Amino acid sequence: MPAIRDFASNYTTVTTGTTIIIPVPAVVENDLMIAILVADTGTGTWSCTGWTELLRQTNTSQLCVMYRIATSSEPDDYTFTRSTSETFNGRIVSIRDIDTTNPFGSTPTYTVTNQSSAAKYTLPQVTTTVANSLILYAVSNSAAGVPSIIEGPVSLIVGEDGSAESGGVAWSFMPSTGASPNNITCSNISSGAGVKAAIQIAAPSGGATIVPAYCSSDASIYINPIHGTTAYNSDTGLAATWDTLIGTSLNGITLADATVAAAADVGINPYHSAGRLTSISGSRNWSGAALDLASGNNVNLSGKNILVHTGPSTPGQIQRFGAAASQKGTAIAMQSSSGNWKAWHVHGKGTPYGYQRDVPLIVNSSNTGGLLESAGTFDASAVDIFGFAVAGGGVSTTIWDFYSLWVLDIVTICGGIASSPIDVPGIVLAAADGHERKSIVQQGTGQAIVFQPIQIGDGGTHPTYLDLNATAIEFPKQYDLTSLQVNYCSVDNVAGITYYAGASDTIKHRSSVISSPNKYHWGFHASTSTSATYDFSGLQVIGAGTITLVNNLSLSGITWSDCDNFSSAGTYLDNCTIKTTVATSALTVSSTTNMGRITNCTFNTNNDGDIGHSIELTATGTHAFDNIAFAGGGVAKRSFNTTTGVDAGTDIITVDAAHGYVDGDAIYYQDQGGSQNMGLTDGTLYYVNAQSTTTLSFHTTKADAIANTNKVALTSAGGETHSIYSAKADVYNNSGGAVTINVSNGGTVPTVRESNGSSTTINNSVTLEINGVAQGTRCYIEAALGGPETSGTILMNEEADALGIATQTYNYTSSQPVRIRARLAGYIPFETTGTIASTGLTITAVWLEDSNYTP
């Protein structure tokens, strides 16, 4: 598809002038060069040697678009001449990968209309005739309104003013022919009449050679640019009205009016002003200002983050800034109606951002960590006032700017092809920088911190090819005063990443890390195609909260660490690892079919040291555990008799075998459906003290169990068999019925906890083999001491086959020491010892001739 290569711009200041000189941007032969020219007034014609006019229209201000195909030798600049004088501004945009014969289609395709004076308006649609076209948007404004085309599925190229007029240029992408999006919005800090256009830029006739990452959808809302003290879109301009609109104190500290002014040309868009707050000199109290939205502009922030940007007027302001450690510096408030508001601490001296500009301050109305004060009943669905406050360090004043206020929502990134896939810089440009916001901040070639929900792909409507290899995506730490990370006052699972592939899309996120100290969402759209190409090998997902998998999707090589519980949902999981989950269970499996789709996976220490299981089975039946490995879990189930196994005098039980517990371990007690009350509550968590290898006492706290104090009082009666289960057993059978676990291919035999009514049978069929013998040789394996079998139990008594091999299947439960014997005429009997492991046992006989043998 056509792709923006570069742009360059200029403006004039003399109303009697008839020319504007615009530098040539970076350009390569056969690029399309488009000049977007804006005149403050008039209907004159434009000319420049070697350039062709595409469109020209006047509505107070004039918009003219001219073009040429770049040659191998372009000058440093071009002079454009207008037949009538005025002040001008203009820019040249270079676009690569275009149809050099018909750059706008066989019939030039564009829409151009007049636009009356308005702070916000929608850009026109154009019906494309060529697939994989770039849509170039261009606007003029008779005021110095700095048109920012930033809302909707669009990426801004430039929005800038001249001496009296202004212009803006942006782009979007159309993978197929038809009507372009109808929800692309232009924002103007100063309203003036003008012209707006949408232009089709056609891809090469042979097909696109590059498809950059682009925004295919953005549900975020641009609330207000906070352009100094200027009113915008019927909103009242930022003013020293916090005290009258919200209150005269904050967190028990006096709040007075800040001095509010406009700071010119310091916004994220350098042609924008910012609202500048100067604190009261020599005071450590709060100084505030407020932005009062028009009644029709109230915003619904339910479940959403808001973003505003800040920075000091000069780096030295950090020295006079209130200390973050004292919850001073910067605060943000939201009010839904009089007396109903909340305010949060979001910045201060000592934070990692220091004196940087464009610092993203994020607040979610449900956050409590950074909440300084609340009043009344706040309604997040109807916010009409935003407050901004600064507090100094008690010396002189501190001066801070606020600008570009957004409601953040899901932004969707598409594009990319195999030779130029979506990468981290592409995501940042498509989702953040192209919208004049720092909702994603690039931190290295392949690293970014993400403050909003992002989605990769849209189900195939816009083809997507993602390849993030050796990258790092971080979701921010929520408000934490101890570490002085205070700018992200949000809640779990608001930010995150979702993959939504179409059948022909490619999603590769490999050898990479996604992480956060707090919970974020990670997973797949419910309608993602299982036919797409996926590669997540080597991806580490660390600290995710809501994880969403889908039926029939195949994933391999992912490691989930420190995440919340999630459902396998019928996904095929191979060679994956789930570890250090702190939840009732790490993975919930709801059917035998779904368990059969999990192979060669490892589960490691999915507990908090006391509580937590690796797999929770919620369905009865036979579950295949195909090379499933467990580590870091608890010990096996133990049982006791409520009469013979309970000593009511000492409040100690005796279990059926060595229990393996240590003092302070957590267990669940189950009466297995019995009726005898022997002092414990069915299904309850207790902590045990290991009185001996086979005896235990019960305690309600870990500390009591370790200290062997405050035993739970027991009674002895009934003669029923009750059970105890490790609270960190590998598997939790929560099916309410009979479960059979078939362990195969060298998997670990799991320890199991059972809910009431549940029962578990574990089969681990391994092979015992003795080879290197002659056909007919009698081979024996018998149990030795130290394993689950009774010593002397014959485990093999077989004759070798024609290949000299004797085999026997064995149901492995735990390591079993054995004695091995084989007898062959003419040789001394072969005898040795070994241990049956989870992989079985293979022995090769070594023979010595018997010198006393007589045939």
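Descriptive notes on the structure:
- Taken across region 123-137, residues that are without any contact (Cβ under 8 Å) to a residue 60 or more places away in the chain, open to solvent by less than 30 Å² (accessible area, probe 1.4 Å) and farther than 25 Å from residue 10 by Cα do not occur at all.
- Test result for residue 762, at pLDDT 95 or above, among the aliphatic types (A, V, I, L, M) and surrounded by 17 or more Cβ atoms within 10 Å (Cβ to Cβ): no
- Single unsatisfied condition, residue 729 versus (1) at pLDDT 95 or above; (2) of a type outside the set (S, T, N, Q); (3) more than 40 Å from the chain's Cα centre (by Cα): (3)
- Region 36-62, residues that are in a loop (DSSP other than H, G, I, E, B) and either over 26 Å from residue 117 (Cα atoms) or touching a residue at least 40 places away in the same chain (Cβ under 8 Å) (or both): 40, 41, 42, 43, 44, 48, 49, 50, 51, 60
- Number of the condition not met by residue 196 [criteria: (1) under 33 Å from the mean Cα position of the chain (by Cα); (2) closer than 29 Å to residue 105 by Cα; (3) open to solvent by 10 Å² or more (accessible area, probe 1.4 Å)]: (1)
- In region 332-364, residue surrounded by the most Cβ atoms within 10 Å (Cβ to Cβ) [restricted to those that are of a type in the set (Lys, Arg) and out of contact with any Leu (no Cβ under 7 Å at 6 or more places or on another chain)]: 349
- The lone exception for residue 37 - which of (1) closer than 16 Å to residue 162 by Cβ; (2) in contact with a Cys (Cβ under 7 Å, 6 or more places away or on another chain); (3) open to solvent by 20 Å² or more (accessible area, probe 1.4 Å) it fails: (3)
- Options 64, 48; residue that is within 24 Å of residue 434 (Cα to Cα), open to solvent by less than 30 Å² (accessible area, probe 1.4 Å) and not aliphatic (A, V, I, L, M): 64
- So residue 647, is it in contact (Cβ under 8 Å) with a residue 40 or more places away in the chain, open to solvent by 10 Å² or more (accessible area, probe 1.4 Å), farther than 18 Å from residue 586 by Cα and within 42 Å of the chain's Cα centre (by Cα): no
- Region 704-716 - residue that is touching a residue at least 12 places away in the same chain (Cβ under 8 Å) and closer than 13 Å to residue 663 by Cα and, of those, surrounded by the fewest Cβ atoms within 10 Å (Cβ to Cβ): 708
- Meeting the requirement of 3 or more residues that are open to solvent by less than 10 Å² (accessible area, probe 1.4 Å) and at pLDDT 95 or above, the strands (runs of 3 or more DSSP E) wholly within region 516-602 are 521-524, 585-589.
- Selection within region 278-293: residues that are over 34 Å from the mean Cα position of the chain (by Cα) and of a type outside the set (Gly, Ala, Ser). The member of this set that is most open to solvent (accessible area, probe 1.4 Å) is 284.
- Members of region 63-84 that are assigned to a strand (DSSP E or B) and under 45 Å from the mean Cα position of the chain (by Cα): 63, 64, 65, 66, 67, 68, 69, 77
- Across region 388-412, the qualifying residues are those that are among the small types (Gly, Ala, Ser) and in a strand (DSSP E or B), and the one among them that is farthest from the chain's Cα centre (by Cα) is 392.
The values are calculated or read from the model by the stated rules, or taken from the named source; none is laboratory data. No experiment lies behind these values; they were computed from the predicted model shown. A quick note on method: Cβ atoms are made from the backbone with ideal geometry, for glycine too, and the neighbour counts reach across all protein chains shown. All accessible areas refer to the heavy atoms of the entire protein, side chains included, with ligands and DNA or RNA removed. Shrake-Rupley method; radii C 1.70, N 1.55, O 1.52, S 1.80 Å.
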